[in-house]
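The values are calculated or read from the model by the stated rules, or taken from the named source; none is laboratory data. Everything quoted here is computed from the prediction, not taken from an experiment. Quick reminder, even Gly has a Cβ in these numbers, built from the backbone with ideal geometry, and neighbours come from all protein chains shown. Side chains are part of the model used for accessible areas, which takes the heavy atoms of the whole protein and leaves out ligands, DNA and RNA. Shrake-Rupley method; radii C 1.70, N 1.55, O 1.52, S 1.80 Å.
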Amino acid sequence: MPQQQQKETQQNIRVVSGIRPTGDLHLGNYFGAIQNFLYLQEKHTCFFFIADWHALTTHPRPAELGYATQRTLQLYLACGLDPQKATIYIQSHVPEIAELYLYLNMIAYLGELERCPTFKEKVRLQPDNVNAGLLTYPVLMAADILIHRAQYVPVGKDQLPHLELARDYARRFNHLYETDLFPEPQPYTFQGEPIKVPGLDGSPKMSKTGSSEKGVIFLTDPPEVIRQKVKRAVTDSGPQYPGQPMSEPVQNLFTLLELVSSPETVNYFREQYQSCKIRYAELKHQLAEDIIRLLTPIQERLKELEANPKQLQAIAYEGATRARTSARETLQRVREAIQIGLKGETPPPVPEPLTL
Ligand code: TYM
């Protein structure tokens, strides 16, 4: 295929992903999601959003939600998401998603939603707040993806069950309404397989809910805090014989090292471990400094963005306008496929997107 044509084909591939605004983003979000966003925005038609409707399932206080939404947008930009290259928007600015969510709810079944591992986990974590939004969380997520007829969805490993449901709904919709409107969205990561970034406290997944605050490195943590957290990371008493398999907490530290450090550094510490010479304090020092090296430029850009809230509003407005144009096109075709409403009707006028 000629180069120009190849480039256009690449650009036609649509990508969607989002992050819930639940506080500052952490290294799990960075390596599971954002790093892939940065890679994909260079090649494809990308839609990256802030999933504020999803955040409502855990009942955040309004002031917290408002702050976290703004913060997440700032962090997207500070990490290098570029509104010239990708459409960056806030989910609740695109009401078309809610309408598609309604249609998809008609083809989503109770049993499969109840079996979803993330639903079971939430029931365990918040037994007093098992709301319907929590149950249909994957349906809303499918609507986010299908509203732009996305082919790729860059996410961490924890989101794979949701993506599987999104594929089921795409297939079911196409079958029921005899259309080929929706492609089946695939998980995407340039590392090959979707990853799970572990916590520093020995937990298998770095997360605000799963691990303690000490186990999580936020993108906004100052260098001193990072050094403290890494210093206190869980390890063991060290290998007793050459080639001893690693305990989970030590394996976790190596997983983090592989993400932030050079291959030479990783090899050096692996050899030290294999030959029982490893000093965990040295490994932790290196790990902390490499994390700081990664986060320093992000934190510097964040400071500039904090000083310019007007710019943020303009970006959100522009993103919502572009996202709605794409969403309305899909929704029009959805309505036609279902034959809902009156044939040939004029769509209602587009209201202004809300401001932050
Ligand atoms: P959320 O907000 O929990 O996480 C955002 C992204 O970060 C990834 N992630 C991780 N990846 C690797 N290791 C970790 N420790 C780690 N922690 C978080 C998540 O896999 C995710 O990619 N349901 C989604 C948000 C969403 C969405 C969507 C995503 C709503 N609609 C449509 C994609 C497409 C969520 O709660 O992610």
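Results, tabulated for the structure shown:
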item: Net charge contributed by nearby residues that have their C-beta within less than 14 Å of F269 (K/R +1, D/E -1); result: -2
item: Contact order relative to length of the chain, as percent, for alpha carbon pairs under 8 angstrom and 6 or more apart; result: 21 percent
item: Electrostatic dipole magnitude of the chain [Cβ: Lys, Arg +1; Asp, Glu -1; Cα centre; debye, to 20]; result: 220 debye
item: For the chain, calculated [θ]222 nm from helices alone, where every DSSP H run of n ≥ 4 adds -39500 (n - 2.57); result: -16000 deg cm²/dmol
item: Among L283, Y241, L295 the positive-end extreme of the charge dipole of region 238-295 (Cβ point charges); result: Y241
item: Principal semi-axes in Å for the chain [√(5λ), Cα gyration tensor, largest first]; result: 38, 22, 21
item: Net charge dipole size for region 213-306 [Lys, Arg +1 and Asp, Glu -1 on Cβ; Debye, nearest 20]; result: 260 debye
item: 0 to 90° range, to nearest 10: angle between helix 62-79 axis and the chain longest Cα axis; result: 70 degrees
item: Environment charge at Y169 (Cβ cut-off 12 Å; Lys +1, Arg +1, Asp -1, Glu -1); result: -2
item: Whichever aspartates and glutamates have a C-alpha closer than 14 Å to that of K122, once near sequence neighbours (fewer than 8 apart) are set aside; result: E114, D158
item: Counted charge near A143, where neighbours are those whose Cβ lies closer than 11 Å (Asp, Glu -1; Lys, Arg +1); result: -3
item: Rounded D (µm²/s) - region 213-306, Kirkwood Rh over Cα pairs, Stokes-Einstein at 4 °C, 1.567 mPa s; result: 92 µm²/s
item: Dipole of the chain, positive direction: furthest Cα of T72, T118, H26, with charges on the beta-carbon; result: H26
item: Accessible carbon and sulfur surface of region 213-306 relative to its total accessible area, %, 1.4 Å; result: 52 percent
item: Per residue accessible area in Å² of region 48-204, where ligands, DNA and RNA are left out and the probe is 1.4 Å; result: 42 Å²
